[in-house]
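One structure is given below, encoded as structure tokens.
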Amino acid sequence: MRAVKLYGAGDVRVDEVPMPTIREVGDAIIKLAAACVCGSDLWAYRGVDPINDPVTVGHEYCGVVQEVGPSVKNVKPGDFVVGSFFASDNTCEICRSGYQSGCLDRRGMGAENCQAEYVRVPLADGTLVATPRMPEPDLVPHLLAASDVLGTGWFAAKAAEVGPGKTVAVIGDGAVGLLGVLAAKELGAERIIAMSRHESRQKLALEFGATDIVAERGDEGVARIKELTGGLGVHSALEAVGTQESMMQAIRSTRRGGHVGFVGVLHGVNIPGGEFFMSHVHIHGGPAPVRDYLPDLIARIVERRIEPGKVFDLELPFDEAAEAYRAMDERRAIKALLTF
Ligand SMILES: [Zn+2]
């Protein structure tokens, strides 16, 4: 089968590799309906996370179950399934508390090579959620988005305590930030301020439910948010970038007693203790427990209430994966879909 591999910074290739096989009794093998590139794959692509040997990439997936191990009971061959980027047993105490991405037996799907034609999913019973029926082909991008970017945007909103009557700022106009806007809208936010300076991304943010756009960033962005909120700041800030600047922008945009939900993978972020102490802001985030939200998100998608797959603004044949990475790296594309 074909699979994408990263040989070094900026060096993406499509290789012929052996098919995955059942290795543990709880595994499932899935034929992927499509594949995609995540903003977090770009950290390795840009050489920020160094690479020595060629590495497998991709951690988002949905598709049809081909084969299951002898202990698997909840899914069967022929089911269309979606799973999270962390496989989880969904039975341990941490899973049952709604933090499946912190499962005591979690397995990162990045190690399984999800930018490929087939993938092995460990802990299939706890990880995979089947759709109620075989989805129409046009639903595939939306379901694939549920595997990570939608679930992650959703967690950012949940972690920031978004709800009816709340004013929300979303920092980051990548796929996760844009889907954070969609999540805030679905969770009933009254006002949603999207921070973006790119016209096509602003347009999608408005389509997803943003009520205001702020193009300024850093201190000027914070000043603009304060101006829009009577000097108080927002109730909820969603941080979907992961840099020092974006994290401080989120904290400084939030009112006293408000909440920051952070889901951008943090790189080199140091929050000054004195400022944090004086801010009265709650901060919560990390790798999103997507598995917890999947049944709800899948229902919203198959009932056609939400269209998170609109973040895929570039569709390429699988063999052109290198161009998908380039386009996202150069911010020519929000998110690239790879079709077989
Ligand atoms: Zn668990």
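The values are calculated or read from the model by the stated rules, or taken from the named source; none is laboratory data. It should be emphasised that the depicted structure is a prediction, and the values quoted were computed from it without experimental measurement. Every residue, glycine as well, gets a Cβ built from its backbone with ideal geometry; the counts of neighbours run over all protein chains shown.
Points to keep in mind about this one:
- Residue within the range 302-316 that is in a helix (DSSP H, G or I), surrounded by fewer than 19 Cβ atoms within 10 Å (Cβ to Cβ) and in the same structural domain as ALA116 (by TED's automatic domain parsing) present: yes
- Residue match in the range 33-44 (condition: exposed (fewer than 15 other Cβ atoms within 10 Å of the Cβ), out of contact with any His (no Cβ under 9 Å at 6 or more places or on another chain) and either modelled with pLDDT of 95 or more or not in a strand (DSSP E or B) (or both)): no
- Among the residues of the range 133-175, those identified as surrounded by fewer than 24 Cβ atoms within 10 Å (Cβ to Cβ) and of a type in the set (A, V, I, L, M) are MET134, LEU139, VAL140, ALA159.
- Remark: SER88 falls outside the filter, which requires a residue to be free of Cβ contacts under 8 Å to residues at least 24 places away in the same chain, assigned by TED's automatic domain parsing to the domain that holds MET134 and either near the ligand (Cβ under 10 Å from one of its atoms) or touching a Pro at 6+ places or on another chain (Cβ under 7 Å) (or both).
- Helices (runs of 4 or more DSSP H) wholly inside the range 193-287 that include at least 1 residues being outside the structural domain of ALA333 (by TED's automatic domain parsing) and crowded, with 24+ Cβ neighbours inside 10 Å: 199-208, 218-228, 244-253
- Checked against the criterion of being in contact with an Asp or Glu (Cβ under 9 Å, 6 or more places away or on another chain) and at pLDDT 95 or above, the candidates LEU232, LEU238, LEU314, LEU294 yield just one match: LEU314.
- Each residue in the range 101-138 was checked for being within 11 Å of the ligand (Cβ to nearest atom), in contact with a strand residue (DSSP E or B) (Cβ under 6 Å, 6 or more places away or on another chain) and touching a residue at least 60 places away in the same chain (Cβ under 8 Å), and 3 of them qualify.
- Of all residues in the range 124-145, those being outside any loop (DSSP other than H, G, I, E, B), over 13 Å from ASP79 (Cα atoms) and not polar (S, T, N, Q) number 10.
- Yes/no for GLY98 being within 16 Å of the ligand (Cβ to nearest atom) and assigned to a loop (DSSP other than H, G, I, E, B): yes
- Restricting attention to the range 73-84 and to residues that are away from the ligand (no atom under 15 Å from the Cβ) and in a loop (DSSP other than H, G, I, E, B), the residue that is surrounded by the most Cβ atoms within 10 Å (Cβ to Cβ) turns out to be VAL75.
- Test set (1) buried (at least 17 other Cβ atoms within 10 Å of the Cβ); (2) in contact with a His (Cβ under 9 Å, 6 or more places away or on another chain) - HIS59 fails condition number: (2)
Yes or no, residue by residue, for (1) of a type in the set (A, V, I, L, M); (2) under 25 Å from HIS59 (Cα atoms):
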site: LEU144; (1), (2): yes, yes
site: PRO164; (1), (2): no, no
site: ALA169; (1), (2): yes, no
site: GLY177; (1), (2): no, yes
site: ALA194; (1), (2): yes, no
site: GLN202; (1), (2): no, no
site: GLU207; (1), (2): no, no
site: GLY218; (1), (2): no, no
